[in-house]
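The values are calculated or read from the model by the stated rules, or taken from the named source; none is laboratory data. Bear in mind the structure is a predicted one, so any value in this text is a computation, not a measurement. All Cβ positions, glycine included, derive from the backbone under ideal geometry; neighbour counts span all protein chains shown.
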Amino acid sequence: MTTARVVLIGAASLAIVAAVAAAIVTRPRPRTALDTLYLAVPVLGVVVLVIFVAAHA
Amino acid sequence: MTGSRLAAYGLLIKPRIIELLLITTVPAMVLAAGAWPGTGLVAATLFGGFLSAAGANALNNVIDRDIDVHMERTRHRPLPTHRVRPGEAFVIGLALGAAGFLWLWWATNLLAALLATAALAFYVLVYSMFLKRTTHQNIVIGGAAGAVPALVGWAAVTGTLGLPAWVLFGVVFYWTPPHFWALALRFKEDYGRAGVPMLPVVAGVRTTVWQITLYSVVVVAVSLLLYPIASVGSVYLVSALVLGVVLIGQAIALHRRPDRAMRLFRWSNLYLALLFASVVVDVLVAA
């Protein structure tokens with residue numbers, strides 16, 4: 001993997017982690033337990049995507 | 001059949017939404033093939049995708065008719081105005097969905113047909129009937145249905161699902177919330193009147209604008225992940241960066257002027273179209 005690709009994956013991953021963390025911190029107050037469960041879908045989805053991309057790049 | 005009745009059937013399938021769905025299919029096909037996959041296959045896949053999406057939209061009209069009648073934006077649709085009967089729309093939706101499945105199976109492969117039909121089922125049974133009415137995370141989860149055409153396009157060419165297809169899926173999935181929340185900001189009162197718990201209705205404008213901004217950052221970051229794992233080059237990378245900076249800039253601008261949400265809504269449409277077009281250009285230039 002070239003340095004440019006490592007840097008790109010790293011920068012994209014950092015941006016995702018920062019944005020997801022901020023999205024969790026600033027999330028609207030859950031109205032039901034399901035609201036919290038639903039939030040896990042986009043969070044886990046992007047984490048899995050980053051892991052797969054890093055592993056396959 | 002009269003012209004106005006025909007026009008009502010045309011509106012039932014929400015043709016503008018279908019346009020956007022199809023925009024994401026062709027670039028996925030080009031990326032999967034590493035070249036133009038053949039006009040016949042592209043046309044066949046688009047036609048099948050059109051049938052499935054049209055079926056989903058017709059069924060959505062049936063389910064949402066009690067909501068649509070309360071919203072200024074939707075109360076002129078064929079069902080609230082009684083130009084099409086619910087039973088009629090239901091049959092049309094089912095027929096289109098079944099035709100989409102059979103067509104895609106015959107013209108492409110079973111995986112593409114199953115994916116398109118699964119998206120229809122998810123959109124109708126999970127999003128429209130349940131999520132939309134019960135949670136402010138409705139469009140976050142429901143966005144998965146709109147992201148499936150990228151998988152359909154990839155599957156139509158390869159008969160499998162590769163990682164680049166999932167990245168394209170991720171781009172559309174994370175693009176959907178900021179796109180729809182911008183619309184929901186504009187029509188906040190409409191959604192509130194209809195009792196739909198869209199994010200601006202239950203959490204307010206400030207929280208919504210923050211969530212739009214953060215999801216925009218995620219979209220741009222996910223779009224950049226395509227570069228290391230797919231056969232795309234600098235045309236795509238530069239396009240993704242430039243378009244992404246503008247998208248995030250538009251989202252940040254909303255903090256000062258939330259009344260300009262429709263500007264972001266329109267730009268987000270253009271963003272997705274141009275980003276996916278850059279995939280096509282990049283692959284075809286290199287081929």
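A few points about this structure:
- Just one of the listed residues (B:203, B:221) is part of a helix (DSSP H, G or I), touching a residue at least 24 places away in the same chain (Cβ under 8 Å) and buried (at least 18 other Cβ atoms within 10 Å of the Cβ), namely B:203.
- The helices (runs of 4 or more DSSP H) located wholly in the stretch B:48-146 that include 2 or more residues which are crowded, with 22+ Cβ neighbours inside 10 Å and at pLDDT 95 or above occupy B:86-107, B:110-121.
- Residue B:231 more than 19 Å from the chain's Cα centre (by Cα), closer than 30 Å to residue B:34 by Cβ, not aliphatic (A, V, I, L, M) and not in a helix (DSSP H, G or I): yes
- Qualifying positions in the stretch A:20-33 - over 18 Å from residue B:169 (Cβ atoms) and either touching a residue at least 24 places away in the same chain (Cβ under 8 Å) or surrounded by 14 or more Cβ atoms within 10 Å (Cβ to Cβ) (or both): A:22, A:23, A:26, A:27, A:28, A:30, A:31
- Condition broken by residue B:156, with the remaining ones in (1) within 13 Å of chain A (Cβ to nearest Cβ); (2) part of a helix (DSSP H, G or I); (3) out of contact with any Phe, Trp or Tyr (no Cβ under 6 Å at 6 or more places or on another chain) satisfied: (1)
- Checking residue B:205 against (1) closer than 25 Å to residue B:281 by Cβ; (2) in contact with a helix residue (DSSP H, G or I) (Cβ under 6 Å, 6 or more places away or on another chain); (3) not basic (Lys, Arg), the condition it does not meet: (1)
- Single residue of the stretch A:2-19 satisfying the filter (over 19 Å from residue B:219 (Cβ atoms), of a type outside the set (Ser, Thr, Tyr) and more than 7 Å from every other protein chain (Cβ to nearest Cβ)) that is surrounded by the most Cβ atoms within 10 Å (Cβ to Cβ): A:6
Listed here are the residues, each with its yes/no results for (1) touching a residue at least 40 places away in the same chain (Cβ under 8 Å); (2) aliphatic (A, V, I, L, M); (3) closer than 24 Å to residue B:176 by Cβ.
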position: B:62; (1), (2), (3): no, yes, yes
position: B:71; (1), (2), (3): yes, yes, yes
position: B:77; (1), (2), (3): yes, no, yes
position: B:101; (1), (2), (3): yes, no, yes
position: B:106; (1), (2), (3): no, no, no
position: B:117; (1), (2), (3): yes, no, yes
position: B:123; (1), (2), (3): yes, no, yes
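- Selected residue (only one of B:156, B:165, B:182 is over 24 Å from residue A:16 (Cβ atoms) and more than 10 Å from the chain's Cα centre (by Cα)): B:156
- Odd one out for residue A:43, checked against (1) free of Cβ contacts under 8 Å to residues at least 24 places away in the same chain; (2) facing another protein chain (nearest Cβ under 7 Å); (3) of a type outside the set (Gly, Ala, Ser): (2)
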